[in-house]
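See structure below.
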Amino acid sequence: MPKRIANLENPDPIDEAIIETLRKDGRTPFLQLAQELGVSPGMIRHRYQKLQETGALKVVAVTNPLRLGLKTMALIGVRTDGTRMLEVAQKISALEEVIYLVVVSGRYDLLVEVFCRDHEELLRFISEKLYAIEGVRESETFMYLKIVKEIYV
């Protein structure tokens, strides 16, 4: 179970159990959760709404990119003009191939995760889209060979 829940001041074991159960299967019925925890379905519904309102919980569908024809995955380290870093981050994040982008410290300013149909689409992304953004100085691409562990916290 999570040790800490963001934006929720005093999570109790019921909140933590709801989050943990929904993390494993977001379609778990409130009635089933209530029975497992020994509380009413109304309490689960109320807690669920509170967790969503505070931003501690967001239930979404997770797709499998490989099953959708996106066979090429890569992490791209990007260096930017320092004064334009956040502007560049916003522009890159708007590109459809980008599924994750973080501003980081260290060798790169940004780490960008992308999914593409194939190597040619990745090449077009880098050469025609990424480098077309003013403020991108250089990048280094790390192709995913195998995903060993993938979890959603």
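A short reminder: the numbers here are calculations on the coordinates, not readings from a lab. Computed from a predicted model, the values in this text were never measured in an experiment. Glycine gets a Cβ as well: all are built from the backbone with ideal geometry, and neighbour counts include every protein chain shown.
Dipole magnitude for the chain: about 300 debye, using +1 per Lys or Arg Cβ and -1 per Asp or Glu Cβ, origin at the Cα centre.
The value of relative contact order for the range 96-153, using C-alpha pairs under 8 Å at least six residues apart, is 21 percent. Pairs Lys24/Lys129; Lys71/Lys129; Lys58/Lys149: which are spaced more than 29 Å apart, C-alpha to C-alpha? Exceeds cut-off: Lys24/Lys129.
To the nearest ten degrees, helix 41-53 and the longest principal axis of the Cα atoms of the chain are 30 degrees apart. The protection proxy used here, the mean number of other Cβ atoms lying within 10 Å of each residue, ranks peptides 94-101, 15-22 as follows, highest first: 15-22, 94-101. Reducing the range 44-73 and the range 102-153 to their Cα centroids gives an inter-centroid distance of 22 Å. Please work out the FRET efficiency for the pair Gln49 and Lys24, using the Cβ-Cβ distance as r and a Förster radius of 25 Å; give the result to the nearest 0.05. Between Gln49 and Lys24 the formula returns 0.80. When the chain is treated as a GNM with alpha-carbon contacts under 10 Å, the residue of Gly42, Gly77, Gly135 showing the greatest mean-square fluctuation is Gly42. When P(r) over Cα pairs in 10 Å bins from 0, in percent is computed from the coordinates, the matching label among (i) 9, 30, 23, 23, 12, 2; (ii) 10, 32, 31, 21, 5, 1; (iii) 10, 32, 28, 16, 10, 3, 0 is (i). Scanning the chain for trypsin sites (Lys or Arg not before Pro) in DSSP loops with at most 16 neighbouring Cβ atoms within 10 Å leaves 72-106 as the longest stretch between them. Sequence-distant contacts, meaning Cα pairs under 8 Å at least 6 residues apart, place the relative contact order of the chain at 23 percent.
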